[in-house]
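What follows is a single structure, written as structure tokens, with notes after it.
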Amino acid sequence: MATHLILSPPLATLPDYPSVGESVLFQLNGLIVVFLALGSIWGMLELMGVIFRRSKPAVTPPASAAATSPAAAPTPASTPACAVPPEIIAVISAAVHVATAGQPHRIAAIVPANAQLDWAREGRRTIFASHKTR
Amino acid sequence: MLQGLLDYLSTTGFQFITWKMVIMWAVAGVLIYLAVAKGFEPLLLVPIAFGALVANLPTRGIITVEQLANGTTDSAIFRVEATPLENSAHAPAASDPHAAPTQTLKVNRVEGGLYDFISQGVKLELFPPLIFLGVGALTDFGPLIAMPRTLLLGAAAQLGLFMTFFGANLLGFTAKQSASIGIIGGADGPTAIFLSNKLAPELLGAIAVAAYSYMSLVPLIQPPIMRLLTTKKERVIRMQKLRPVSKTEKLIFAVMVMMICILLVPDASALIVMLMLGNFLRECGVTERLVKSAQNEIINVLTIFLGTTVGLTMRADNFLATDTLKIIVLGVVAFSFSTAGGILAAKLMNVLSKNPVNPLIGSAGVSAVPMAARVSHVEGQRYDSNNYLLMHAMGPNVAGVIGTAVAAGYFLSALS
């Protein structure tokens with residue numbers, strides 16, 4: 001009976017009020033299906049991870065990619081094509097310094113906000129904020 | 001003049017009010033209070049509570065309800081006016097002599113209330129998969145791809161579904177009803193509605209209310225179980241930093257997960273396809289307008305319609321029954337077992353693996369995105385304020401969404 005329930009799909013034959021044995025085997029089958037599905041995805045992801053890690057070229061971080069605290073302001077050369085004026089960099093750096101209460105910090109990049117993404121981001125923020133953690 | 005007033009009064013709704021309706025007004029009031037004053041899942045509980053209130057008022061033009069011969073009620077009944085087309089009568093096919101003769105009709109008019117039409121979105125299983133489109137567009141599967149073994153935590157957290165199936169069956173529910181109640185443990189509202197609408201539509205209102213109520217109570221239900229099943233040493237485990245995940249990996253993930261799940265559990269197709277479509281749109285980076293719609297307009301509009309439709313099923317005749325109380329109790333049992341399943345699986349993982357996992361992230365396997373992950377994070381920070389578990393917990397959290405959809409597919413293939 002147990003072999004029958006696990007190996008073949010007689011699930012449609014489960015009566016409305018199954019016996020304890022039938023019910024336990026039904027649950028066992030369900031857990032096996034769930035583990036099989038998620039386990040297969042796990043295997044696929046591990047394989048994908050190996051392939052991607054191998055094919056990834058070694059990246060050396062550019063020396064001027066970021067400025068380091070306490071003088072946290074990035075140099076003009078660190079911003080792409082000097083898109084952000086130096087005075088804005090100074091203002092942002094000062095704001096970060098105040099916000100972090102003088103703690104050591106590092107500004108990795110100053111990037112203009114992408115207006116295209118703002119609505120999507122706002123939607124995400126609203127939905128996430130609706131789930132209050134008490 | 002007096003007769004005219006009396007005639008008018010006979011057309012008002014006062015005469016139809018029953019004591020059961022008044023109790024349901026109080027139930028709706030409690031739900032509205034929890035949602036508005038306490039902030040418990042307001043996006044869903046407000047429309048559900050409002051729908052429940054409307055369902056227990058003598059409305060006209062909202063939804064048509066008929067008492068069936070077996071004593072249950074059926075909602076969303078249409079009145080169809082049609083004309084038979086000439087020479088359209090078809091005799092039963094020779095292969096099936098017992099089939100009734102059919103006739104082609106030209107539909108002239110379909111009469112129904114506003115929600116007779118809108119509730120077809122639930123009856124025809126349209127709303128839950130479309131909400132999954134939005135969920136997919138809102139979900140970042142990066143943490144899961146970076147640490148794929150947390151998929152097992154999402155799978156283990158489905159333990160509550162199956163344990164509750166057993167308990168519900170012992171309490172006298174049929175197998176179909178038990179599966180619908182068990183899915184509450186997945187903490188995934190759209191999936192719970194999707195499954196119960198197919199297997200046990202008579203319990204839809206109670207199951208939806210239990211599912212969303214408990215989802216909002218995750219921060220209260222889970223921490224005691226998390227503390228009970230973990231030691232202080234386990235709670236302060238710091239996990240390795242997650243590796244960055246490329247866009248290509250995320251795109252392959254969406255397609256492959258969809259294919260694997262459909263091949264293994266075809267009955268979960270509607271949910272999985274829409275979830276992964278939404279996620280693919282999000283990650284491909286060239287469909288910003290569509291992602292915006294899925295993340296905002298589509299999911300918001302459908303949430304209003306889904307919530308009110310579910311609320312409208314909470315008619316006093318159906319809802320005020322001992323079965324509802326049993327479902328409320330079984331729901332918390334399902335949640336507790338699911339939480340425990342995820343935590344115990346994480347502990348087992350620590351025994352078998354050299355790379356430790358903080359067991360607190362196991363509880364996030366019960367979908368409820370992203371609240372369950374935030375509970376893991378908050379609980380971890382209670383014991384080590386510099387331990388940031390949020391992104392690690394998002395792995396089992398989103399794995400739980402997939403796991404619950406797969407479990408629902410299993411129940412459907414087994415029982416429908």
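Just so you know, all these numbers are worked out from the coordinates, no wet-lab data involved. All values derive from a computational prediction rather than experimental measurement. Here the Cβ is made from the backbone with ideal geometry for all residues, glycine too, and neighbour counts use every protein chain on show.
Okay, here's what the table says:
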read-out	value
Ranked packing of B:368-377, A:17-26, most packed first, by mean Cβ within 10 Å	B:368-377, A:17-26
Net +/- balance of residues flanking A:Glu46 in space, Cβ distance below 15 Å, scoring K and R +1, D and E -1	+3
Sparsely packed trypsin sites (Lys or Arg not before Pro) within the range B:293-364, loop by DSSP, other Cβ within 10 Å at most 16	B:Lys354
C-alpha center-to-center spacing [the range B:228-264, the range B:299-369] in angstrom	20 Å
Rg(Cα) / (2.2 N^0.38 Å) computed for chain B, rounded to two decimals	1.10
Separation between Cα centres of the range B:23-65 and the range B:387-416, rounded to whole Å	29 Å
Phi-based couplings in Hz for the range A:88-102 (Karplus 6.51, -1.76, 1.60; Gly and Pro marked x)	5, 4, 5, 5, 5, 4, 5, 5, 5, 4, 5, 5, 8, 6, x
Sequence-distant residues sharing a close amide H with A:Val84 (under 5 Å, placed H)	none
Selection from B:Leu330, A:Leu28, B:Tyr388, by position along the positive dipole direction of the protein assembly as shown (Cβ)	B:Tyr388
Exposure proxy ranking, count of Cβ atoms within 10 Å, fewest first, for B:Ile272, A:Ile88	A:Ile88, B:Ile272
Per-residue mean of C-beta atoms belonging to partner chains within 10 Å, peptide A:39-51	6
Helix-only mean residue ellipticity at 222 nm for chain B, each DSSP H run of n ≥ 4 adding -39500 (n - 2.57), per residue, nearest 500	-19500 deg cm²/dmol
Inter-chain shielding of B:146-155 (mean C-beta neighbours from other protein chains, 10 Å cut-off)	5
Amide H within-cut-off set for B:Ala82, under 5 Å, with H built and near neighbours excluded	B:Asn108
The protein assembly as shown: projected area of the alpha-carbon convex hull, averaged over directions, in nm²	36.3 nm²
Tail weight of P(r) past 22 Å, computed on alpha-carbon pairs of the range B:97-176, percent	67 percent
Residue order, fewest to most beta carbons within 10 Å, for B:Thr102, B:Thr339, B:Thr83	B:Thr83, B:Thr102, B:Thr339
Cα-centred dipole magnitude for chain B, charges only on beta-carbon of K, R (+1) and D, E (-1), debye, nearest 20	1700 debye
Local net charge near B:Asn197, Cβ-Cβ under 9 Å (Lys/Arg +1, Asp/Glu -1)	+1
Charge dipole of chain B about the Cα centre (unit charges at C-beta), most positive-ward option of B:Phe411, B:Leu53, B:Ala137	B:Ala137
Cβ-placed point charges (K, R +1; D, E -1), dipole of the protein assembly as shown about Cα centre in debye, nearest 20	2120 debye
